[in-house]
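**Student:** Below is a structure I'd like to ask you about.
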Amino acid sequence: MVTYFMVKSFLILISLQIFLYSSEQIVLVVSDSFNSQKATLSCFEDGKKVFKTFEVNVAVNGLGWGLGKAELSQGTLEPLKYEGDRKAPSGIFNLTHIFGYEKEKGYKMPYLHATKELICVDDSNSKFYNQIIHIDVEKPNSFEYMKRDDRQYELGIVVAHNEAQVKQRGSCIFIHVEKSKGAPTAGCTSMSMKNIKKIVNWLDESKNPILIQIPKSKLNQVLKLYPELKLNN
């Protein structure tokens, strides 16, 4: 009986690991270090690269460990992601929605139409912290409009960082259009409109898309979790 339960528990653990790391679509962002403002982005489906790797911008102050769907080994002196620190989150995160200024164009992901009434809450004391809501639901002390006066949110992807709404651990993390060529962000990942269009047209909710965003020093850990990734193809 003891052996039966041990085997059953082992099989459940293995099943959970397979579920956790099963993703047919992976967006991999790799920077040189935690302090880098630049990174490279590669997209994979079933382990194979689907686009040519290109350069993207991360945050002014680089990367800090975020709160995602899986834990990677973190050094005691490595930075964590906090609200307002102008760091982009490092880790593994689900990609949940596409958003944009235009009405939906038949994407294979849930779509948020970014009107002037749509906001993302960065008030850590609000019950809607780190959520995208309509402003008529509540007007928190601090938030950002999803319909901006510039093109940065004209098209973007929601990164599921800090879904548990842990206070002060960061909010409103997106992949979006760059402010200007090569400009770092306040905490997101940005790129040209041309490149983000490639990604949003490729993403498919049924293929469990994720973002893996890490410094180069953590790449070996990721390859152990996702051995199917063929970085050189």
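**Student:** Among S33, S171, S23, rank each residue by its count of other Cβ atoms within 10 Å, from fewest to most, as a rough exposure measure.
**Tutor:** On the way: S33 10, S171 26, S23 21.
Least crowded to most crowded, the residues run S33, S23, S171.
**Student:** Another question about this same structure. With only Lys, Arg, Asp and Glu charged, each at its Cβ (+1 for the first two, -1 for the last two), find how big the charge dipole of the range 21-225 is about the Cα centre; round to the nearest 20 debye.
**Tutor:** 560 debye
**Student:** Which residue fluctuates the most in the chain, going by a Gaussian network model with Cα springs under 10 Å, if the choices are Q168, Q221, Q213?
**Tutor:** Its mean-square fluctuation being the largest, the pick is Q221.
**Student:** A follow-up question, please. Test of understanding: what is the full-extension gain from K103 to M193, defined as 0.36 nm times their sequence separation minus their Cα-Cα distance?
**Tutor:** 30.7 nm
**Student:** Relative contact order for the range 100-233 using alpha-carbon pairs under 8 Å, separation at least 6, rounded to a whole percent?
**Tutor:** 20 percent
**Student:** Something else about it: Going by Cβ distance under 4.7 Å, what cysteines of the chain have no possible disulfide partner?
**Tutor:** So, C43, C188.
**Student:** For the range 106-163, which trypsin sites (Lys or Arg not before Pro) pass both filters: DSSP loop (anything but H, G, I, E, B) and at most 11 other C-beta atoms within 10 Å? Kindly include the intermediate steps, with their values, before the conclusion.
**Tutor:** Numbers: sites: K108, K116, K127, K147, R148, R151; in loops: K116, K127, K147, R148, R151.
Qualifying residues, ordered by number: K116, K127.
**Student:** A further question follows. With each run of n ≥ 4 DSSP H residues scored as -39500 (n - 2.57), what mean residue ellipticity at 222 nm is computed for the chain after dividing by its residue count and rounding to the nearest 500 deg cm²/dmol?
**Tutor:** Values: 3 runs with 37 residues, N = 233.
It lands at -5000 deg cm²/dmol.
**Student:** Of all beta bridges DSSP finds with both residues in the range 22-149, what is the antiparallel percent, to the nearest 5?
**Tutor:** Approximately 75 percent, going by the DSSP bridge assignments.
**Student:** Hey, rough spin-label estimate for R151 and E163, points 7 angstrom out along Cα→Cβ, what's it come to in nanometres?
**Tutor:** It is 3.3 nm.
**Student:** Tally Lys/Arg at +1 and Asp/Glu at -1 over every other residue whose Cβ is under 14 Å from the Cβ of W202; what's the total?
**Tutor:** Working: positive: K48, K49, K52, K105, K108, K194, K197, K198, K207; negative: E24, E45, D46, D204, E205.
For residues surrounding W202, the net value is +4.
**Student:** In what sequence do H97, H134, H113 fall when counting other Cβ within 10 Å, fewest first?
**Tutor:** Least crowded to most crowded, the residues run H134, H113, H97.
**Student:** Given Cβ point charges of +1 (Lys, Arg) and -1 (Asp, Glu) and nothing else, what value in debye, to the nearest 20, does the dipole of the range 188-231 about its Cα centre take?
**Tutor:** Around 220 debye, computed over the range 188-231.
**Student:** Here is a further query. A 24 angstrom limit on the alpha carbon distance is what I want to check against. Which of K87/K147; K48/K179; K103/K194; K38/K179 exceed it?
**Tutor:** K48/K179
**Student:** Sticking with this structure for a sec: Above 34 Å lies some portion of the pair distances; for the chain, what is it as a whole percent of all C-alpha pairs?
**Tutor:** So the pairs more than 34 Å apart make up 15 percent of the total in the chain.
**Student:** Compute the long axis of helix 193-202 from its Cα atoms, compare it with the longest principal axis of the Cα atoms of the chain, and write down the angle in degrees, 0 to 90, nearest 10.
**Tutor:** Long axis of 193-202 versus the principal axis of the chain: about 50 degrees.
**Student:** For K179, project a label point 7 Å along Cα to C-beta. Then give me every residue of the range 73-96 with its amide nitrogen under 14 Å of that point.
**Tutor:** Residues passing the 14 Å test: 85-88.
**Student:** Just going by the charge dipole of the chain, with Lys and Arg at +1 and Asp and Glu at -1 on Cβ, which of M146, P209, I133 is farthest out on the positive end?
**Tutor:** Checked the options; the winner is P209.
**Student:** Also, I was wondering about something else. May I ask what percent, to the nearest 5, of DSSP beta bridges between residues of the chain are antiparallel?
**Tutor:** About 65 percent, rounded to the nearest 5.
**Student:** Related question: Mind checking which of S124, S206, S31 has the largest fluctuation in a GNM of the chain, springs on alpha carbons under 10 Å?
**Tutor:** In the Gaussian network model the winner is S206.
Laboratory data are not the source of any read-out in this text; all were calculated from the coordinates shown. Keep in mind it's a predicted model, so treat the numbers as computed, not measured. We place every Cβ from the backbone using ideal geometry, glycine too, and count neighbours over all the protein chains shown.
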